[in-house]
1. Enumerate the pairs (first residue in the range 64-86 and under 14 Å from Ser9 (Cα atoms); second residue anywhere and in a loop (DSSP other than H, G, I, E, B) and not β-branched (Val, Ile, Thr)) with beta-carbon separation below 6 Å, excluding pairs fewer than 6 apart on the same chain, so at least 6 apart or on different chains.
2. Which of the residues that make up the range 27-44 are free of Cβ contacts under 8 Å to residues at least 12 places away in the same chain and of a type outside the set (A, V, I, L, M, F, W, C)?
3. Of all residues in the range 39-48, how many are part of a loop (DSSP other than H, G, I, E, B), buried (at least 18 other Cβ atoms within 10 Å of the Cβ) and out of contact with any helix residue (DSSP H, G or I) (no Cβ under 6 Å at 6 or more places or on another chain)?
4. In the range 13-32, what count of residues is obtained for those that are more than 13 Å from Ala54 (Cβ to Cβ) and over 12 Å from the mean Cα position of the chain (by Cα)?
5. Assess whether Arg24 counts as being touching a Pro at 6+ places or on another chain (Cβ under 8 Å), of a type outside the set (Gly, Ala, Ser) and either free of Cβ contacts under 8 Å to residues at least 12 places away in the same chain or buried (at least 16 other Cβ atoms within 10 Å of the Cβ) (or both).
Amino acid sequence: MTDMDSLISTAIRTTAARDNRTMRSICKGINFRPTKFYDRLSGRSSWNTHEIDAVAKELGLVDGWELMDLAKEEAEIASRRNAEKA
């Protein structure tokens, strides 16, 4: 799994939590087999652009680019928090 895959998975989890969505409901909403979805979410497989776009739209975002922007923002927040702890 690439760093970007990890960031996207974190953004998916964070956005879903903010909206009180379960991973199962997202998986159903995009018509993915649970194993396929969880393989990507856990890092066993990489996300592709079609999947990123589908998940983003299911989460109420405009498109996959918006999800990737959220992933970047979450990474920046985590980086600042880690710097503050050091």
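Values quoted throughout were computed directly from the atomic coordinates according to the rules given, and no laboratory measurement underlies them. These numbers were taken from a predicted model, which means no experiment stands behind them. Cβ coordinates were reconstructed from backbone atoms using ideal geometry, including for glycine residues, and neighbour counts include every protein chain displayed.
1. Leu67/Leu61
2. Here is the first cut: in the range 27-44, the ones free of Cβ contacts under 8 Å to residues at least 12 places away in the same chain are 27-28, 31, 33-36, 39.
Scanning the range 27-44 gives Lys28, Asn31, Arg33, Pro34, Thr35, Lys36, Asp39.
3. The total comes to 0.
4. Residues of the range 13-32 that are more than 13 Å from Ala54 (Cβ to Cβ), as a first pass: 13-25.
Restricting the remaining residues to those that are over 12 Å from the mean Cα position of the chain (by Cα) gives 18-22, 24-25.
Adding up the residues that qualify gives 7.
5. yes
Residues checked against (1) surrounded by fewer than 16 Cβ atoms within 10 Å (Cβ to Cβ); (2) in a helix (DSSP H, G or I):
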residue	(1), (2)
Phe37	no, yes
His50	yes, yes
Gly60	yes, no
Asp69	yes, yes
Lys72	yes, yes
Arg80	yes, yes
